[in-house]
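The values are calculated or read from the model by the stated rules, or taken from the named source; none is laboratory data. Values in this document were obtained by computation on a predicted structure and should not be read as measured data. Backbone-built Cβ (ideal geometry, glycine too); neighbour counts: all protein chains shown.
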Amino acid sequence: MLPLIIRKIVAQCEETLLVMGREVPSPTRKAVAAAVFRNPWAGEYIEDLSPMYELGARVSGLLVQRALAVLDVPAAQVTSYGKGAIVGTNGDLEHTAALLHPQFGGPIREHIGGGKAIIPGTKKMGGPGSSITMPLTNRDDIWLFDDMDATEIAIPDAPGPDEILVAVCLGAGGRPLHRIG
């Protein structure tokens, strides 16, 4: 089992109350929880990335709990989700793919009580302060337009060259004042 050595966790919630001078009758929220941890394979080319799958499941289980806490709504009210990762410059982009794809979604679905649709995600390589914009789509139907949105996070000192920043994002209520159906 690969070690999960977390240096930092950042959780944030965005709540929209006004759009174009109009009150949002039921405020919409987007939460992001991100962990910055040591990349166990920084500086190495690894052919078999499967040990990273389980690491992805462990970190997503922790992050979805943090995201739910700052979102401050019952899990059943989560309407959308997404994910993203930035690998530091001594890492390999495939490290983020191994984290985010095979097992990352299971703990998220377990904690929010479902989720039939794929969890959209994005990945990139970057240095400290790099931002990552993550798509949000409806948890059960990727084609529900009112939940199609995005959120982002940047942590000023992360990721370091030998680190990975990985994030879970959750939404409640869709885009503020959505009206395209």
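Key figures
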| quantity | calculated |
| --- | --- |
| A67 being crowded, with 24+ Cβ neighbours inside 10 Å and touching a Lys or Arg at 6+ places or on another chain (Cβ under 6 Å) | no |
| Set I119, I153: member being modelled with pLDDT of 95 or more, surrounded by 18 or more Cβ atoms within 10 Å (Cβ to Cβ), touching a strand residue (DSSP E or B) at 6+ places or on another chain (Cβ under 6 Å) and assigned to a loop (DSSP other than H, G, I, E, B) | I119 |
| Those residues of region 83-99 which are in contact with a strand residue (DSSP E or B) (Cβ under 8 Å, 6 or more places away or on another chain), surrounded by fewer than 24 Cβ atoms within 10 Å (Cβ to Cβ) and not in a loop (DSSP other than H, G, I, E, B), in sequence order | L93, A97 |
| Region 126-149, residues that are in a strand (DSSP E or B) and surrounded by 17 or more Cβ atoms within 10 Å (Cβ to Cβ) | I132, M134, P135, L136, T137, N138, D149 |
| Count of region 100-116 residues which are surrounded by fewer than 24 Cβ atoms within 10 Å (Cβ to Cβ) and either part of a loop (DSSP other than H, G, I, E, B) or at positive phi (or both) | 7 |
| Failed item in (1) of a type outside the set (F, W, Y); (2) touching a Ser or Thr at 6+ places or on another chain (Cβ under 8 Å); (3) in contact (Cβ under 8 Å) with a residue 60 or more places away in the chain, with G160 passing the rest | (2) |
| Close pairs (6 angstrom Cβ cut-off, 6 or more residues apart or separate chains): under 15 Å from L93 (Cα atoms) in region 31-47, of a type in the set (S, T, N, Q) and surrounded by fewer than 18 Cβ atoms within 10 Å (Cβ to Cβ) anywhere | A42/N90; G43/N90 |
